[in-house]
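**Student:** Got a structure for you, written out below as structure tokens; questions coming shortly.
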Amino acid sequence: MKPLSDSRRARLMQLMATPVRRKYLESLERMLGPAGVVSIREEQFFMLLAIAIGTLAGMAVVLFRIAIQMVRIWLLGSSLHPSPTRLLLAPALVGLVVAILAVRYFPRVRGSGVTQTKGALYIYDGHISPQTSVAKFVLSALAIGSGHSLGPEDPALQIGAGLASALGRWLKLSRERMRLVVPVGAAAGLAAAFNAPITAVLFVIEAVIGRWSASGFGAVVLSAVSGVVVERWFLGSEPLFRVPVYRMVSPMELLAYAALGIAAGALSLIFVKVVRELRPRLRALPTPLQWLQPALAGLLIGLMALRFPQILGAGYEWVDLAMRSRFTWHMLLILAAAKLLATVLSFSTSTPGGLFAPVLFMGAMLGAAMGGLGHLWFPSLTGPVGGYVLVGMGAMLAAVLRVPMTAVFMVLEVSGNYAIILPVMACHSMAYMVSRGFQKVPMIELLSRQDGLDLPSFEEESEQPELVIEDAMHAPLVRPLGGDEAVEQALAALHGSSAESVMISLGEGRWAVLSREQLSACEDSNARLRTQIRARVPRLYQDQSLDVALRFMKERPMLPVVDRGNLNHLLGVVSLDDILSAYRKAGLAEPETANGASG
Amino acid sequence: MSPETSICTTCGQPLGADGHCPHCAAAAHVWTLRDWKPLATLAVIIALGFSFVRLVDGAWEAKRQHLVDLHYTAGQRDLEQHRAAEAVGEIESALFYAGGQFDYRLALSDALLASGQRGEALAQLETLLQQQPDDARVLMKLARLEARRQRVEAAIYYYQQAIAGVWPASAGGDPFVLRLEARFELAEYQIAQDHRAEASASLASLSEGLQRGGHDQLRLADLYLRNGLPQAALEVYESELRRTPGEREALAGAAQASLEKADYAAAKRYLAEIKPADDQSRALSQSLKTALALDPFAPGVNASERARRTVHAYRIAIARLSRCGVNKHPGRGIDMNKDAERWSSLVKWADQLSPWMSEKKLRGHDEIVESTLRFVFQAEMTAERDCAGGEADDDAMRLLGRQRLGASQ
């Protein structure tokens, strides 16, 4: 499309005499843009790209889920109760193959995928190699399909991120966009794997990005939704669990939910502490022994599965049955313990696969056991077991991965029932408190630090005391002057004061600063202050972060802090010295690490 | 907030006076249609990817459906062969590949029930009911399950809900017939639970919905008989006989109904029409003879004979009690099961009557005769309910009891 020539435009304007037609022509011209072609800015293009990433990631996850099922059928048979021979051979042999490939050729596919994705985001500017993504797909499908106690969500997250990264590089996105594109792909992958877009978005914010950031949020949401739409297109809209209708029978039930939270917190502590101790020890062993670790883990899991086949793979089918009181409470407790052991074995030996599903499984079994006990001891005070299962899953997620918001929204999204919010809050807060009380470093950070990476943590960042301008500002040493006052008056105000500058109010919330030097240099002492001002200064509010003040400070001697309700009312002023002094006082001027943590 | 204090949402840098971020504007790439190559390639990749995934998904879908059928068929076969534990495993596998479909969940509840896992089956059914509250198949299964758990009120509630519920096409039959079956089952259950008044109401509503003639009418009449309503039963049998004279089942039923009404002549007449006689008619004839021989109030029986028959009836009842393990003396040898109180009172009653049990003492004491016969009927009916081992005389006594005491028992 070529731009219109002047003569053609004039002729067109004649033809389009009415205002409506003229407006149409003008908007057409705007759309054609300066280059004479339809154009969109990178920002807008990024939104379209997010949809494309979501679509591709959704398709990749569909293939990934089918691959896991096919591997499972191929290796373990189609029955949920595989034969002993298959159980003893499949996880062990696949463990050996996966270990050799992972240790020798694809070291970045080991483990869950969340820490690797986070590392790619913060260390490699969003770069994830296509080989890593493909290897993650194949090796995770093999490991999970063969029965290793791991889930598909975290690998799906890494596969989505890898896909997005490859697309970003191919489209030569800017460095900033490349960093944004990784969470976009991660959210799409996780959303498609878990069939829950809100949970995926929040998990990516809490666990991958590690901080609240408005940038790219829209793209993350768009890609997550696209991923889920594609996944449902192919695999149907059946949820992972068919959650029974929830109802709270008695407020006394909240005590049971709180007890469930404590139990989930305790179970999470056992899990995290065992992984914390075992994983580095196993990783420190010589390479040939590392090859054998997943095989040995597979053999042990196979042995356990002879009695408890429920521990194999992600185990969602059993979670679904547990919601319907399929097992007795003692069997449920045994299953939770067996799954914990199996997951520790699989995960500590760095077998590729995710933690999300096993953690949910443990929480579900614990919740179902608690619900079963409630029905046994207080039948008239206990609601349906399904509610306990759901809340237990969330509690375990909140406690192990320390993603409390994700956990709350996961339960709400999966149940589609807002009435469950009270038990969720009672249970999750207890689980989270127990976990935090006895395990300072969250699981994901723990793993990344064991891998030698120091990545930002949502929890640690939110614990940093945020300094606001109120912490640094002080009252102006000289009263603020109006723009119409004379230079002479300003000099008089400064006389006898240690202040080196004065605030000038120009009305309508606009402010400026004049220094003693500038005022002294003025030839006409009767001149109005307004005429001496070269540039205005930005105003600040006392509740804003000190960081904002630092950014606006530049060469300015001080900045005005005004009342939000009256922009002409000066509450105080803040200078660079004030800001640094406030940081020093808070002990944040020289953090030991980027996160302010000791590592 | 003024533009001066706004921050770019992309890079976090302060925005310029125009509200735009100078930093991002400088770095941003403007995408135009001239960049069609990567955009077109991306579109092609998506289209190709979509086609490929569709192909794979199609193959997986076929495989999945095959596995569902395979495991479901195996599960059903296991159920038929009474291998309930294996059936549970197979149906769970089918359910896994079927994505938790309703019908397979229903099948799983059957398998769980068959394997004795009633609690699990109940939980499954309750979840299914939440999913489809009007599904009559679920309601029927719940009714049967509650009936097995001796929760009579719950069972009756679910039966009634099932009758009013929706019978889907996958229920395997004509919804009208299935609903009728549910009505019969409810009536039978109420009769078995001795809820005679409720059963009468169920039978009345059942009779309104039945077509004239056929097997269902005979079933209805049989239920009337079992519910202690021989007159209603007789009317149905007679109606059937008018429609198809000589119908053996109707004749036998009419004979039984007449017998229960103590209309021995009519019973004899109906029995005589059954030619050639079969086992059922012969048993009925025997019952008739026995009843006639034992009934103290049979036509033509004088006071002396009535007293003799009463003493004989008393002995039959005492013998029946001892066969049930109940000693004549209270507190000794009584089977202290759930109805121990009733047994104790029977034994006390027997002890009170014992001194009167001779023809001589009974003669002229009709009130004692009456009381004795009441004791006999009560003992026979209690024994019939709580312990097995009744003989022909006991059957005849119960028959006479039903005639005398009617539905009050």
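The values are calculated or read from the model by the stated rules, or taken from the named source; none is laboratory data. Treat the numbers as computed from the prediction; the structure is a model and nothing was measured. Here Cβ is always computed from backbone atoms with ideal geometry, including for glycine, and neighbour counts include all displayed protein chains.
**Student:** Scan the range A:283-336 residue by residue and report those that are over 18 Å from A:Val94 (Cβ atoms), in contact (Cβ under 8 Å) with a residue 60 or more places away in the chain and away from every other protein chain (no Cβ under 14 Å).
**Tutor:** A:Arg283, A:Thr287, A:Ala336
**Student:** Sort out for me the strands (runs of 3 or more DSSP E) sitting completely within the range A:483-568 that have 3 or more residues that are in contact (Cβ under 8 Å) with a residue 60 or more places away in the chain.
**Tutor:** A:501-507
**Student:** Further, regarding this structure: What's the number of the only condition in (1) assigned to a helix (DSSP H, G or I); (2) more than 9 Å from chain A (Cβ to nearest Cβ); (3) closer than 24 Å to A:Ala369 by Cα; (4) not hydrophobic (A, V, I, L, M, F, W, C) that B:Gly116 fails to meet?
**Tutor:** Going through (1) assigned to a helix (DSSP H, G or I); (2) more than 9 Å from chain A (Cβ to nearest Cβ); (3) closer than 24 Å to A:Ala369 by Cα; (4) not hydrophobic (A, V, I, L, M, F, W, C) one by one, B:Gly116 breaks only (1).
**Student:** Taking A:Leu101, is it within 17 Å of A:Pro309 (Cα to Cα), of a type in the set (A, V, I, L, M) and either free of Cβ contacts under 8 Å to residues at least 40 places away in the same chain or crowded, with 17+ Cβ neighbours inside 10 Å (or both)? Give the derivation first.
**Tutor:** Values: within 17 Å of A:Pro309 (Cα to Cα): no; of a type in the set (A, V, I, L, M): yes; either free of Cβ contacts under 8 Å to residues at least 40 places away in the same chain or crowded, with 17+ Cβ neighbours inside 10 Å (or both): yes.
The answer is no for A:Leu101.
**Student:** Could you say which residue among A:Leu202, A:Leu254 is buried (at least 21 other Cβ atoms within 10 Å of the Cβ) and part of a helix (DSSP H, G or I)?
**Tutor:** Exactly one residue qualifies, and that residue is A:Leu202.
**Student:** Give me the pairs, please: first residue somewhere in the range B:260-276 and in a loop (DSSP other than H, G, I, E, B), second residue anywhere and crowded, with 21+ Cβ neighbours inside 10 Å and among the aliphatic types (A, V, I, L, M), beta-carbon distance under 6 Å, and either six or more positions apart or on two chains.
**Tutor:** That search, which allows pairs on different chains as well, returns B:Ile274/B:Leu251.
**Student:** Go through the range B:58-79 and report how many residues are surrounded by 17 or more Cβ atoms within 10 Å (Cβ to Cβ) and of a type in the set (Gly, Ala, Ser).
**Tutor:** The number of residues fulfilling the criteria is 2.
**Student:** Also, I was wondering about something else. For B:His82, which of the numbered conditions (1) outside any helix (DSSP H, G or I); (2) buried (at least 19 other Cβ atoms within 10 Å of the Cβ); (3) modelled with pLDDT of 85 or more fails to hold?
**Tutor:** Failing condition for B:His82: (2).
**Student:** For the range A:352-361, does any single residue satisfy the condition of being within 25 Å of B:Glu90 (Cβ to Cβ), within 14 Å of chain B (Cβ to nearest Cβ) and in contact (Cβ under 8 Å) with a residue 24 or more places away in the chain?
**Tutor:** no
**Student:** Taking A:Val487 as meeting all but one of (1) surrounded by fewer than 16 Cβ atoms within 10 Å (Cβ to Cβ); (2) of a type outside the set (Ser, Thr, Tyr); (3) touching a Cys at 6+ places or on another chain (Cβ under 6 Å), write down the number of the exception.
**Tutor:** Condition not satisfied by A:Val487: (1).
**Student:** A further question on this structure: Can we say A:Val208 is over 21 Å from A:Tyr316 (Cβ atoms), in contact with a helix residue (DSSP H, G or I) (Cβ under 6 Å, 6 or more places away or on another chain) and either surrounded by fewer than 24 Cβ atoms within 10 Å (Cβ to Cβ) or of a type in the set (D, E, K, R) (or both)?
**Tutor:** No, not satisfied.
**Student:** So how many residues does the range A:150-190 have that are surrounded by 24 or more Cβ atoms within 10 Å (Cβ to Cβ), within 14 Å of chain B (Cβ to nearest Cβ) and among the charged types (D, E, K, R)?
**Tutor:** Counting residues in the range A:150-190 that are surrounded by 24 or more Cβ atoms within 10 Å (Cβ to Cβ), within 14 Å of chain B (Cβ to nearest Cβ) and among the charged types (D, E, K, R) gives 1.
**Student:** Now, a different point. Conditions first: (1) modelled with pLDDT of 85 or more; (2) in contact with a Gly (Cβ under 8 Å, 6 or more places away or on another chain). B:Thr127 passes all but one, so which condition is the exception?
**Tutor:** (1)
**Student:** May I ask you to list pairs of residues, at least six apart or on different chains, whose Cβ atoms are under 6 Å apart, with the first in the range B:176-200 being in contact (Cβ under 8 Å) with a residue 12 or more places away in the chain and the second being not in a helix (DSSP H, G or I)?
**Tutor:** Qualifying pairs under 6 Å: B:Leu178/B:Trp167; B:Ile191/B:Asn227; B:Arg196/B:Asn227; B:Ala199/B:Asn227.
**Student:** Name, by its number, the condition in (1) within 7 Å of chain A (Cβ to nearest Cβ); (2) buried (at least 19 other Cβ atoms within 10 Å of the Cβ) that does not hold for B:Gly99.
**Tutor:** (2)
**Student:** Next question, about the same structure. Let me spell it out: the conditions are (1) buried (at least 21 other Cβ atoms within 10 Å of the Cβ); (2) under 30 Å from B:Phe377 (Cα atoms), and B:Glu240 meets all of them except one. Which number is the exception?
**Tutor:** (2)
**Student:** With the condition kept exactly as written, say whether any residue in the range A:231-239 is more than 14 Å from chain B (Cβ to nearest Cβ), buried (at least 16 other Cβ atoms within 10 Å of the Cβ), in a helix (DSSP H, G or I) and within 30 Å of the chain's Cα centre (by Cα).
**Tutor:** Within the range A:231-239, not a single residue is more than 14 Å from chain B (Cβ to nearest Cβ), buried (at least 16 other Cβ atoms within 10 Å of the Cβ), in a helix (DSSP H, G or I) and within 30 Å of the chain's Cα centre (by Cα).
**Student:** Looking only at the range A:39-96, filter to residues that are within 7 Å of chain B (Cβ to nearest Cβ) and in contact with a Pro (Cβ under 8 Å, 6 or more places away or on another chain); which one of those is surrounded by the most Cβ atoms within 10 Å (Cβ to Cβ)?
**Tutor:** The extreme case among them is A:Leu80.
**Student:** Related question: Scan the range B:32-45 and tell me whether some residue there is farther than 30 Å from A:Leu550 by Cα, modelled with pLDDT of 90 or more and within 10 Å of another protein chain (Cβ to nearest Cβ).
**Tutor:** Checking the range B:32-45: at least one residue is farther than 30 Å from A:Leu550 by Cα, modelled with pLDDT of 90 or more and within 10 Å of another protein chain (Cβ to nearest Cβ).
**Student:** Something else now. Could you list all residues from the range B:119-134 that are surrounded by fewer than 23 Cβ atoms within 10 Å (Cβ to Cβ) and more than 9 Å from chain A (Cβ to nearest Cβ)?
**Tutor:** Within the range B:119-134, B:Leu129, B:Gln132, B:Pro133, B:Asp134 qualify.
**Student:** Would you say B:Val53 is more than 10 Å from chain A (Cβ to nearest Cβ) and at pLDDT 90 or above? Spell out how you get there, then give the answer.
**Tutor:** Numbers: more than 10 Å from chain A (Cβ to nearest Cβ): no; at pLDDT 90 or above: yes.
The answer is no for B:Val53.
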